[in-house]
Amino acid sequence: MDKALAIQNATIENVVLLASRVLLAWIFVHEGVFLATNFAAASASMAKTGVPMLALVATIGLQLIAGIAIAVGWHARLGAAALGLFCLATAILFHTNFANRNELLHFEKDLAIAGGMFVLMLRGAGGYSVEAYAKPKDGDSRWQWPLRAF
């Protein structure tokens, strides 16, 4: 009975981790796609706040690459660490006008997302991920994934 319960708990845990990864990744993938498809407008808007175009390109790349990595569970810890730090930087650099209720809300949202990313960074992607699929099974020493070394 205990073994069956452990399997059920592991399945539930993996489903929750998968859903959590997708929920955390969605905002970044969505925003990265939006910025990329509206690059001229985004670049003009960012220039008004003093953000250079190269930083916008790096932001789009980070959001898309790390967001997709988290969603599929491939180097999810690294992607979560990068996006967690990105959220902290965004909160501190762009959302510190606490007299404006909307800015305060964005500051708090960025901190909350950073917290979720840091938990994911420590916990890992779970069993329903590319990382788990690519991991060699017990007794199998074959290299099962081309990018396993990273």
A careful count of residues in region 91-102 that are open to solvent by less than 80 Å² (accessible area, probe 1.4 Å) and either in contact (Cβ under 8 Å) with a residue 24 or more places away in the chain or touching a Lys or Arg at 6+ places or on another chain (Cβ under 7 Å) (or both) gives 0
Residue check, residue 25 against (1) under 21 Å from residue 132 (Cα atoms); (2) in a loop (DSSP other than H, G, I, E, B), all met but one. Which one?
-> (2)
Could you tell me which numbered condition residue 51 fails, if it satisfies all but one of (1) assigned to a helix (DSSP H, G or I); (2) modelled with pLDDT under 95; (3) open to solvent by less than 60 Å² (accessible area, probe 1.4 Å)?
-> (1)
List the pairs whose first member sits in region 103-128 and is more than 17 Å from residue 79 (Cα to Cα), whose second member is outside any helix (DSSP H, G or I) and of a type in the set (Val, Ile, Thr), and whose Cβ atoms are under 8 Å apart, counting only residues at least 6 apart or on separate chains?
-> 103/96; 107/96
Within region 6-46, count every residue that is hydroxyl-bearing (Ser, Thr, Tyr) and open to solvent by 70 Å² or more (accessible area, probe 1.4 Å).
-> 1
When you look at residue 16, is it out of contact with any strand residue (DSSP E or B) (no Cβ under 8 Å at 6 or more places or on another chain) and under 22 Å from residue 110 (Cβ atoms), yes or no?
-> no
Top-ranked residue of region 109-140 - restricted to ones that are β-branched (Val, Ile, Thr) and closer than 12 Å to residue 80 by Cβ, ranked as most open to solvent (accessible area, probe 1.4 Å) | 119
Out of region 68-90, which residues are under 8 Å from the mean Cα position of the chain (by Cα), under 18 Å from residue 132 (Cα atoms) and open to solvent by less than 70 Å² (accessible area, probe 1.4 Å)?
-> 69, 70, 71, 76, 79, 80
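The values are calculated or read from the model by the stated rules, or taken from the named source; none is laboratory data. The shown structure was predicted, so the numbers you read here are calculated from the model rather than taken from an experiment. Counting neighbours? That spans all protein chains shown, and the Cβs are built from the backbone with ideal geometry, glycine included. SASA here: full protein model, heavy atoms, side chains in, ligands and nucleic acids out. Shrake-Rupley method; radii C 1.70, N 1.55, O 1.52, S 1.80 Å.
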